[in-house]
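Asker: Shown below is the structure under consideration.
The values are calculated or read from the model by the stated rules, or taken from the named source; none is laboratory data. All values derive from a computational prediction rather than experimental measurement. Counting neighbours? That spans all protein chains shown, and the Cβs are built from the backbone with ideal geometry, glycine included. Ligands, DNA and RNA are stripped out before the accessible areas are found, and what is left, the full protein with its side chains, is counted by its heavy atoms. Shrake-Rupley method; radii C 1.70, N 1.55, O 1.52, S 1.80 Å.
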Amino acid sequence: MTKSVYVLSPEGLVGKSAVALGVIVAASRQADSVGVFRPIMRSDGHDTILESLVALPMVRQSYEAAAGVPYSAIHADPERAMSEIIALYEAIREQHDTVVIVGSDYVEDLGAAEFGFNISVAQNLNALALLVCRGQGRSPESLRHAVDADLAEIAAAHVAALGVIATRVGEAELADHQRALESIGLPIVVALPENLSLTSPTVRQQFAAAGATVLNGDDDALDKESLGVLIAAMTLPHVLKGLVPRYTVITPADRADILPGLLLAHQSGGFPEIAAILLTGGFDLPEGLDQLIATVDPKPPIAHSRFGTYTTAERMFGLEGEITDSSHKADIAQEMFERYVGAERLGRALELVGSDVRTPLRFEYQLMQQARADKRNIVLPESGDDRILRAAHVLLARNVAAITLLGRPDQVAARAEALDLNLSRASVVDPTDPELVERFAVEYARLRAKKGVTLEQARERFRDPSFCGTMMVHLGLADGMVSGAVNTTANTIRPALEFIRAREGFKVVSSSFLMCLPDRVLVFADCAVNPNPTACELADIAVASAETAVAFGIVPKVAMLSYSTGESGSGADVDKVRQATAVLRQRAPELLVDGPIQFDAALDATVAKAKLPDSPVAGQATVFIFPDLNTGNNTYKAVQRTSGAMAVGPVLQGLNKPVNDLSRGALVDDIVNTVAITAIQAQAEPSGQPSRFAQG
């Protein structure tokens with residue numbers, strides 16, 4: 001499985017890109033293929049950090065393939081931007097063993113929400129967070145306080161943290177800062193010393209900031225780092241005393257004594273090396289000085305600014321360099337990461353820390369991808385409802401499924417035009433077509449002959465579009481049906497029970513909801529069909545729900561719910577669940593199952609440790625089987641309304657072919673998701689096949 005590391009920070013200019021480069025190089029020693037992703041881009045589309053990272057020899061991606069969405073897209077529609085980020089990431093994930101994701105740089109205004117949005121991206125991409133914080137200017141205590149607050153925000157979003165790296169810590173404080181962080185208890189906890197070469201701007205950047213014209217200096221010299229700025233306005237002896245290695249010296253162009261002295265000092269080797277000289281004031285050089293400059297070798301880069309000394313200095317102070325400035329900086333970043341973290345430590349951390357976060361947005365994306373991978377034809381009988389037409393438009397645009405609409409073609413076309421929808425690729429079938437009605441009625445009469453149904457009665461049944469849609473599924477004219485936006489649940493399910501019928505091995509048809517919590521997807525059943533199932537029927541529902549879980553990529557761990565856990569309770573209700581658990585274990589011995597068990601013990605690891613410490617299900621259940629409809633229906637609604645979970649369903653289980661019901665209050669997105677689910681069920685359960693689990 002692809003491992004993803006999200007390198008993020010709570011502020012800009014913390015050296016995050018240098019850490020990301022180190023992670024990429026180190027990861028490449030542990031994985032065959034390392035990908036890069038930059039989910040949040042500058043709105044102008046030019047990202048020098050990403051350019052530098054994809055240029056690394058171990059990264060085999062184009063800039064375009066590694067780029068995410070611009071800040072402007074997030075401002076316009078955060079949810080849509082997140083969906084696009086997920087899609088772009090998935091394309092990268094499929095190609096690489098490890099993906100290094102580089103968070104945003106706080107260069108455009110997302111306000112206080114920027115750190116939270118980065119965390120949300122990490123959550124939706126199921127990535128491990130590597131937090132990068134600035135140690136410079138902070139005491140060990142204040143650094144630890146800030147890191148704890150950031151990690152708490154990350155944990156609250158159910159994102160697993162891989163480690164913390166504090167950057168730019170002074171050499172004298174390094175040991176104290178390291179001690180302050182060590183008790184955090186994450187696999188990677190490191191304080192990195194400040195390295196001015198990484199954070200300093202190049203001479204070229206300084207000259208550009210000052211609006212200067214270069215008089216002398218080749219590309220190599222201009223791309224070297226300047227470690228600081230020195231203003232030389234005093235007499236030459238004092239200037240020479242104050243020289244600092246690799247500093248840029250600013251001096252007025254009309255000070256004829258300063259420039260020759262600086263050139264001589266630089267050439268002599270007895271004074272600190274000068275990074276560059278910047279002449280200010282817009283004055284012409286005194287006569288003869290240009291000739292002197294030409295004869296001195298070696299000499300630093302020299303430039304001329306029209307601004308005064310104060311303005312020039314103001315423009316240059318506070319400049320910070322980036323890892324992209326030079327290959328020299330990239331080498332330093334790589335060496336520092338290897339020295340203080342190392343490839344082996346990173347590899348162990350990636351093995352140790354796991355993450356299985358599945359957010360609603362990510363689940364929805366995976367639904368669409370799964371349905372799209374093997375397209376099925378889904379019939380929608382209620383074309384008179386605008387929500388159905390809008391959903392069909394979305395499904396066809398996303399290429400999720402082939403769509404058949406029941407209705408008069410002229411009426412459907414007119415309404416689609418009025419709503420500005422493109423339904424040109426949908427099949428529109430008139431359910432009143434006499435030839436079609438007769439074909440359906442003959443088949444229905446044959447199937448229901450033992451119930452005394454006549455051909456005339458059968459024809460009457462097919463005045464109902466739900467019967468027509470269900471018969472299309474039965475005859476193989478469609479792979480599944482979705483109805484219920486207008487019709488009642490009973491009206492949707494009844495024809496399916498009459499002639500599609502339960503699959504071999506199932507005595508009852510049941511329903512489940514896919515409950516999309518912030519960090520995972522659970523299966524709740526039965527919440528819509530069976531009022532008071534028997535013990536054997538509960539086992540049926542559990543098997544069907546486990547199969548539903550498997551179809552949607554959820555590992556089934558089945559909790560048979562009751563008001564008591566283990567052997568602590570007695571009475572008819574808990575005895576029924578105990579008996580159902582025994583039947584289920586006999587029928588499907590390969591399933592992980594426990595019961596009777598209370599909801600909190602099934603869901604919460606802390607409660608599970610106290611009540612059922614040795615259970616393979618307690619605290620980690622993914623499939624929740626409720627003892628009756630009253631409990632199931634109320635619980636799914638309570639979880640949905642109080643936790644903000646997205647409830648997808650009901651999903652009908654145990655039929656020979658998929659038919660699913662909609663709420664009459666369904667939104668367009670609900671309809672789209674239900675069609676995708678129906679298409680996936682059609683992929684997973686070809687007609688006539690028995691349950692994949694053992695039969696009792």
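Asker: For the full complex of protein chains and a 1.4 angstrom probe, list Y310, Y636, Y340, Y444 by accessible area with the highest value first.
Answerer: I get Y310, Y340, Y636, Y444, largest accessible area first.
Asker: Taking 8 Å as the Cα distance limit and 6 or more residues as the minimum spacing, I'd like the relative contact order of the range 339-433 as a percentage.
Answerer: Answer for the range 339-433 is 24 percent.
Asker: Can you figure out the FRET efficiency of T48 with N422, using R₀ = 35 Å and their beta-carbon distance, to the nearest 0.05?
Answerer: 0.30
Asker: Sticking with this one: Could you work out the Kirkwood radius for the chain, taking every pair of different alpha carbons, averaging 1/r and inverting it, reported in Å?
Answerer: Roughly 29.8 Å, rounded to one decimal.
Asker: Which of the peptides 99-107, 661-669 is most tightly packed, and how do the rest follow, going by the mean number of other Cβ atoms within 10 Å of each residue?
Answerer: For the peptides 99-107, 661-669, the packing ranking is 99-107, 661-669.
Asker: Further question on the same structure: For a quick check: with amide H placed at 1.01 Å from N, whose amide H comes under 5 Å from A276's, ignoring anything fewer than 5 positions away on the same chain?
Answerer: T248, V249
Asker: Compute the distance from the alpha-carbon center of the range 1-76 to that of the range 80-109, in whole Å.
Answerer: Cα centroid of the range 1-76 versus Cα centroid of the range 80-109: 8 Å apart.
Asker: At 25 °C and a viscosity of 0.890 mPa s, what translational diffusion coefficient does Stokes-Einstein give for the range 426-470, taking Rh as the Kirkwood radius over Cα pairs? Give it in µm²/s as a whole number.
Answerer: Result for D is 230 µm²/s.
Asker: Oh, and also: By per-residue mean of other Cβ atoms within 10 Å, what is the highest-first order of 24-36, 7-19?
Answerer: Ranked from most to least packed, the peptides come out as 7-19, 24-36.
Asker: Go through 243-251, 523-531, 420-428 and give me the packing order, highest mean Cβ count within 10 Å leading.
Answerer: 523-531, 243-251, 420-428
Asker: Follow-up. Compare Y6, Y563 by solvent-accessible area with a 1.4 Å probe and give them largest first, with all protein chains kept in place.
Answerer: Largest to smallest exposure gives the sequence Y563, Y6.
Asker: Taking just the alpha carbons, could you work out the radius of gyration and Dmax for the range 643-687, both in angstroms?
Answerer: 11.3, 37
Asker: Moving to a separate point now. Can you check how the C-alpha radius of gyration of the range 439-571 compares to 2.2 N^0.38 Å, as a plain ratio?
Answerer: The range 439-571 yields a ratio of 1.29.
Asker: At what distance in angstrom do the alpha carbon centres of the range 411-486 and the range 624-657 lie from each other?
Answerer: 29
Asker: Additional query: For E171 and D77, what does the FRET efficiency come to when R0 = 56 Å and r is the distance between their Cβ atoms, rounded to the nearest 0.05?
Answerer: 0.75
Asker: Looking at the chain, what % of its DSSP beta bridges pair antiparallel, to the nearest 5?
Answerer: Close to 20 percent.
Asker: Right, another one. Compute the relative contact order of the range 454-573 as a whole-number percentage, counting only Cα pairs closer than 8 Å that sit 6 or more residues apart in sequence.
Answerer: Computed value for the range 454-573: 14 percent relative contact order.
Asker: Quick one: angle between helix 140-156 and the longest Cα principal axis of the chain, in degrees between 0 and 90, rounded to 10, please.
Answerer: Taking Cα atoms only, the helix is inclined about 20 degrees.
Asker: Now for a separate question. Using R₀ = 30 Å, calculate the FRET efficiency as 1/(1 + (r/R₀)^6) where r is the Cβ-Cβ separation of S183 and A208; round to 0.05.
Answerer: 0.10
Asker: Still on this structure, I have one more. So if each residue of separation counts as 0.36 nm, and I subtract the Cα-Cα distance between D374 and A638, what length gain in nm does that give?
Answerer: 91.5 nm is the gain from fully extending D374 to A638.
Asker: Contour minus end-to-end for A55 and E504, with contour as 0.36 nm per residue of separation and end-to-end as the Cα-Cα distance?
Answerer: Extra length available between A55 and E504 comes to 155.9 nm.
Asker: If I model a spin label at D220 and E344 as a point 7 Å from the Cα along the Cα→Cβ vector, what separation in nanometres do I get?
Answerer: Result for the modelled spin labels: 3.7 nm.
Asker: At a probe size of 1.4 Å, how large is the accessible area of D600, to the nearest 10 Å²?
Answerer: The value for D600 is about 70 Å².
Asker: Let me ask something additional. Suppose each label sits 7 Å from its Cα in the direction of the beta carbon; what would the E287-H238 distance come out to in nanometres?
Answerer: 3.0
Asker: Can you give me the solvent accessible area of I274 with a 1.4 Å probe, rounded to the nearest 10 Å²?
Answerer: So the heavy atoms of I274 present about 10 Å² to solvent.
Asker: How large is the accessible surface per residue of the chain, computed with a 1.4 Å probe and reported in Å² as a whole number?
Answerer: 42
Asker: To continue, here is another question. Residues with beta-carbon under 13 Å from that of P78, excluding P78: net charge, scoring Lys, Arg +1 and Asp, Glu -1?
Answerer: Surrounding charge for P78 is -3.
Asker: Quantify, in whole percent, the carbon and sulfur part of the accessible surface of the chain (1.4 Å probe; protein heavy atoms only).
Answerer: Carbon-and-sulfur percentage of accessible area, whole number: 51.
Asker: Next question. Binning every alpha carbon pair distance of the range 119-168 at 5 Å from zero, what are the percents per bin?
Answerer: In order of increasing distance, the bins hold 4, 22, 30, 20, 13, 8, 2 percent.
Asker: Let me ask something additional. Where Rh is the Kirkwood radius over the Cα pairs of the range 1-147, the temperature 25 °C and the viscosity 0.890 mPa s, what D in µm²/s does Stokes-Einstein return?
Answerer: 158
Asker: Of R60, R134, which has the most accessible area and how do the rest follow, probe 1.4 Å?
Answerer: Greatest to least solvent exposure: R60, R134.
Asker: Helix 327-340: angle to the longest alpha-carbon principal axis of the chain, degrees 0 to 90, nearest 10?
Answerer: Roughly 70 degrees between the two axes.
Asker: Something else about it: Over the chain, what is the mean sequence separation of C-alpha contacts under 8 Å (at least six apart), divided by residue count, expressed as relative contact order in percent?
Answerer: It rounds to 11 percent for the chain.
Asker: Rounded, prolate or oblate: which fits the range 245-327, taking a ≥ b ≥ c as square roots of the Cα gyration tensor eigenvalues, rounded meaning a/c under 1.5, else prolate when a/b beats b/c?
Answerer: Taking the square roots of the gyration eigenvalues as a ≥ b ≥ c, the range 245-327 is oblate.
Asker: Another question about this same structure. By how many degrees, 0 to 90 and rounded to 10, does the Cα axis of helix 434-447 deviate from the longest principal axis of the chain?
Answerer: The two axes meet at around 70 degrees.
Asker: OK, next. Using a simple spin-label model with points 7 Å from Cα along the Cα→Cβ vector, what separation in nm is obtained for Y63 and D614?
Answerer: My value for the distance between the label points is 6.2 nm.
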